[in-house]
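**Student:** Starting off with a structure, shown below.
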Amino acid sequence: MARSAKKAKPVIGWREWILVPELSGVPIKAKIDTGARTSALHAFGLTVEERESGPWAHFEVHPTQRSLAHRSRVSHPIHAFRSVRSSTGHAERRPVIRTVMEIADHRYRIDLTLTSRDEMGFRMLLGRAAIRRRFMVDPGASFLLTKSVPKTEE
C-alpha cells in the first residue's frame with residue numbers, strides 16, 4: 001500500500017505581514033522566531049479586569065512601528081496566564097489571548113501573549129507554537145507570503 005503524499009507546507013521568511021482581525025484591521029510586521037515557543041504582541045496600556053465570566057484584557061494596539069497611526073483600543077477575554085522567559089532571561093507572567101491570525105491566504109487560531117515590546121524591533125513575534133505543522137521557515141528571506149507592504153486605509 002502506497003503512503004499518501006504529504007502536502008508541502010508554505011514557506012515563510014523570518015519576517016512577514018500578519019493580520020490579527022479581532023484586534024486591528026491593519027497588518028502588523030512580525031518577526032518569525034522559531035526559538036520562541038510563544039507568540040507575543042506589543043500591548044500598550046495593558047490592564048486586566050476581573051469579570052464574572054473571567055479576566056479580560058484592555059489594551060491598545062499600535063500596528064505601525066514608530067507611529068500612532070491606526071491605533072485601536074481593544075478588550076478581549078483572557079484565555080490563560082503564562083510565565084514567559086524573555087531573551088534577556090527575565091521571567092514575566094503574561095496574559096494569553098486566543099485569537100485569529102491571518103498570513104496571506106492562511107487563517108489560524110493562535111495563542112498570543114500580551115506584553116510590552118518597547119525595546120524590541122517588532123510589534124509582534126510569531127513563535128513556533130503558531131507555525132508548527134503549518135509553515136516552513138526560510139531564515140534568509142523576508143516577506144515570502146506577504147511580498148509587499150499591505151495597503152492600509154489612511
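The values are calculated or read from the model by the stated rules, or taken from the named source; none is laboratory data. Computed from a prediction, not measured in an experiment: that's the story for all the values here. Reconstructed Cβ throughout: ideal geometry from the backbone, glycine too, with neighbour counts over all protein chains shown.
**Student:** Taking region 81-129 as the region of interest, how many residues are small (G, A, S) and surrounded by 13 or more Cβ atoms within 10 Å (Cβ to Cβ)?
**Tutor:** 4
**Student:** Can you tell me which residue within region 38-58, out of those that are under 17 Å from R123 (Cα atoms) and assigned to a loop (DSSP other than H, G, I, E, B), is nearest to the chain's Cα centre (by Cα)?
**Tutor:** Restricting to residues being under 17 Å from R123 (Cα atoms) and assigned to a loop (DSSP other than H, G, I, E, B), the top hit is T38.
**Student:** Picking from A5, A80, A69, which residue would you name as being out of contact with any Gly (no Cβ under 9 Å at 6 or more places or on another chain) and at pLDDT 95 or above?
**Tutor:** A80
**Student:** Six or more apart or on different chains, Cβ under 8 Å: which pairs go from a residue in region 131-154 that's on the phi > 0 side of the Ramachandran plot and modelled with pLDDT under 95 to one that's basic (K, R) and exposed (fewer than 15 other Cβ atoms within 10 Å of the Cβ)? Could you list them?
**Tutor:** From residues that are on the phi > 0 side of the Ramachandran plot and modelled with pLDDT under 95, the pairs are R133/K9.
**Student:** Of a type outside the set (S, T, Y), on the phi > 0 side of the Ramachandran plot and at pLDDT below 85: does that describe G89?
**Tutor:** Spelling it out, G89 is indeed of a type outside the set (S, T, Y), on the phi > 0 side of the Ramachandran plot and at pLDDT below 85.
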